[in-house]
Ligand code: ADA
């Protein structure tokens with residue numbers, strides 16, 4: 001399943017799901033003598049008993065049969081973590097980062113049988129600045145769907161929909177990005193529709209092998225707002241025509257909502273109304289599927305989180321599967337989506353590949369998820385070197401990059417630098433990860449006012465404040481009334497104490513628990529020694545989604561609190 005709604009009625013598209021040939025390889029070998037396995041796509045190779053901990057390269061292959069000459073557009077929603085794509089043995093794409101999509105187009109493919117080959121690599125080395133041994137697991141494989149589309153010489157690459165309030169009704173800036181891969185200049189026209197409201201987007205001429213964009217501001221007097229309470233969604237359907245033709249050449253359908261998100265005087269506002277964020281940090285991880293989630297498990301996660309009264313998810317620590325974001329749009333769940341970087345100290349941020357890999361990740365995250373109304377915050381660089389001057393330069397650059405693409409959402413990052421942070425003036429929302437009751441070096445819970453004072457004195461005054469992580473281990477089934485560390489009782493106690501302290505405080509705009517579910521962690525670099533059972537055990541449910549004692553505590557607090565302060 002590609003999205004939770006139909007994305008094209010004119011353009012033909014096909015999900016390339018199912019079993020592909022697969023074999024591990026040592027080098028960049030794309031024509032192995034034989035293939036050892038038939039591997040599901042989407043999927044993680046660690047699910048196979050012979051590849052439980054395989055870290056390295058592997059080749060996936062399948063054939064594609066075409067009846068007619070056509071141009072093909074391939075979209076890979078997530079390959080973990082590096083992909084080299086070949087069509088009939090010619091390289092057509094290279095991509096790094098498991099958690100962002102990429103696409104490539106091949107013009108004028110002849111009819112007949114063709115071979116699509118993907119060399120996938122999940123190994124750790126200096127070439128990979130973001131996927132490193134960490135407190136979560138970098139799986140291997142084509143973890144999210146692969147889509148093949150037949151496109152004409154011209155097609156719509158993407159749309160940006162930015163809603164805003166105009167006097168007494170909703171309006172939106174709509175920007176459509178068009179590609180011309182043909183060898184002729186083309187005169188084109190665009191038409192749009194939301195519900196019964198149709199509108200002309202105008203015309204343009206695009207020279208051969210060029211791109212262009214058309215923008216229009218349209219008022220929508222009839223529509224209802226999107227919010228957590230009332231997540232009204234609309235299909236935005238854009239059709240592309242050759243000028244003077246009545247038959248569409250191409251179309252692009254996205255699902256949008258009308259809402260604004262602003263920050264003002266220490267508060268976060270949706271449609272001008274203050275919200276309070278209460279929710280979970282969530283890793284995409286499950287023992288049965290690794291990081292390759294089917295819809296059923298996404299829905300289960302959403303149901304469990306909502307059952308506990310959550311209204312927020314932070315996609316720690318990478319952009320999420322679009323279908324999960326579609327679900328958040330539908331359910332009215334607020335999303336803090338963040339780029340992929342967890343706990344990189346200055347030395348790791350100085351990896352020569354770091355800045356380019358982050359830049360790509362930021363661009364792909366913002367461009368591909370721009371239209372999700374549920375995303376109300378963009379985040380970057382969780383717990384990186386925000387206490388250093390060099391780190392500050394990098395944070396600043398990345399915020400500038402994101403602001404240049406999107407001014408409609410507030411920006412933040414989750415800091416653990418306590419009163420040494422140098423980057424609080426760069427954000428719209430100040431966010432802190434803090435583990436009172438768990439880590440020995442975390443200041444006691446009563447000291448949180450020191451943090452707020454520091455924030456106010458160091459560039460964070462008048463900005464909302466979110467407690468973006470807190471929690472403690474609770475090893476599922478380990479019970480001890482004596483509250484020893486690692487017991488479910490101790491975890492429930494910590495969660496209760498932190499929620500009690502931070503919820504209902506006038507200067508706190510949100511509490512996001514670390515974490516929704518336990519997750520598998522890396523074996524390398526000492527992680528497995530620090531983490532019982534090679535898991536991060538701070539989930540409120542375990543890896544199989546069985547609730548721990550803390551789940552009741554969370555439900556009690558989250559259900560009691562309004563969605564506003
Ligand atoms: C950090 C980090 C999380 C996780 C957590 C923990 O705050 O952001 O990814 O590692 O600590 O469990 O210690």
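Results, tabulated for the structure shown:
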quantity: Residue identified as exposed (fewer than 12 other Cβ atoms within 10 Å of the Cβ) and either at pLDDT below 95 or more than 11 Å from the ligand (Cβ to nearest atom) (or both) among 461, 457; calculated: 457
quantity: The stretch 49-70, subset in contact (Cβ under 8 Å) with a residue 24 or more places away in the chain and exposed (fewer than 10 other Cβ atoms within 10 Å of the Cβ), residue nearest to residue 119 (Cα to Cα); calculated: 53
quantity: Some residue of the stretch 393-413 being within 22 Å of residue 511 (Cα to Cα), within 16 Å of the ligand (Cβ to nearest atom) and surrounded by 18 or more Cβ atoms within 10 Å (Cβ to Cβ); calculated: yes
quantity: Single residue of the stretch 438-451 satisfying the filter (over 30 Å from the mean Cα position of the chain (by Cα) and in a loop (DSSP other than H, G, I, E, B)) that is farthest from the ligand (Cβ to nearest atom); calculated: 444
quantity: Residue 296 outside any loop (DSSP other than H, G, I, E, B), more than 20 Å from the chain's Cα centre (by Cα) and either surrounded by 19 or more Cβ atoms within 10 Å (Cβ to Cβ) or modelled with pLDDT of 95 or more (or both); calculated: no
quantity: Selection from the stretch 200-236 of residues that are buried (at least 16 other Cβ atoms within 10 Å of the Cβ), in contact with a strand residue (DSSP E or B) (Cβ under 7 Å, 6 or more places away or on another chain), in contact (Cβ under 8 Å) with a residue 60 or more places away in the chain and assigned to a strand (DSSP E or B); calculated: 236
quantity: Count of residues meeting criterion [in contact with a helix residue (DSSP H, G or I) (Cβ under 8 Å, 6 or more places away or on another chain), in a loop (DSSP other than H, G, I, E, B) and over 16 Å from residue 475 (Cα atoms)] in the stretch 517-565; calculated: 2
quantity: Qualifying position, being part of a loop (DSSP other than H, G, I, E, B) and touching a strand residue (DSSP E or B) at 6+ places or on another chain (Cβ under 8 Å), among 75, 29, 13; calculated: 29
quantity: Residue 98 being free of Cβ contacts under 8 Å to residues at least 60 places away in the same chain, in contact with a strand residue (DSSP E or B) (Cβ under 9 Å, 6 or more places away or on another chain) and closer than 22 Å to residue 321 by Cα; calculated: no
quantity: Selection from the stretch 414-431 of residues that are within 12 Å of the ligand (Cβ to nearest atom) and crowded, with 22+ Cβ neighbours inside 10 Å; calculated: 414, 415, 431
quantity: Among (1) under 27 Å from residue 337 (Cα atoms); (2) within 16 Å of the ligand (Cβ to nearest atom); (3) surrounded by fewer than 17 Cβ atoms within 10 Å (Cβ to Cβ), the one test that residue 530 misses; calculated: (1)
quantity: Residue in the stretch 486-516 that is farthest from residue 442 (Cα to Cα), counting only those that are away from the ligand (no atom under 13 Å from the Cβ) and part of a strand (DSSP E or B); calculated: 510
quantity: Residue that is nearest to the ligand (Cβ to nearest atom) [pool: residues in the stretch 139-173 that are under 24 Å from residue 43 (Cβ atoms) and crowded, with 22+ Cβ neighbours inside 10 Å]; calculated: 139
quantity: For residue 441: the one exception among (1) buried (at least 18 other Cβ atoms within 10 Å of the Cβ); (2) out of contact with any helix residue (DSSP H, G or I) (no Cβ under 7 Å at 6 or more places or on another chain); calculated: (1)
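The values are calculated or read from the model by the stated rules, or taken from the named source; none is laboratory data. Just so we're clear, the structure is a prediction, and the values are computed from it rather than from any experiment. Cβ: placed from backbone, ideal geometry, glycine included. Neighbour counts: every protein chain shown.
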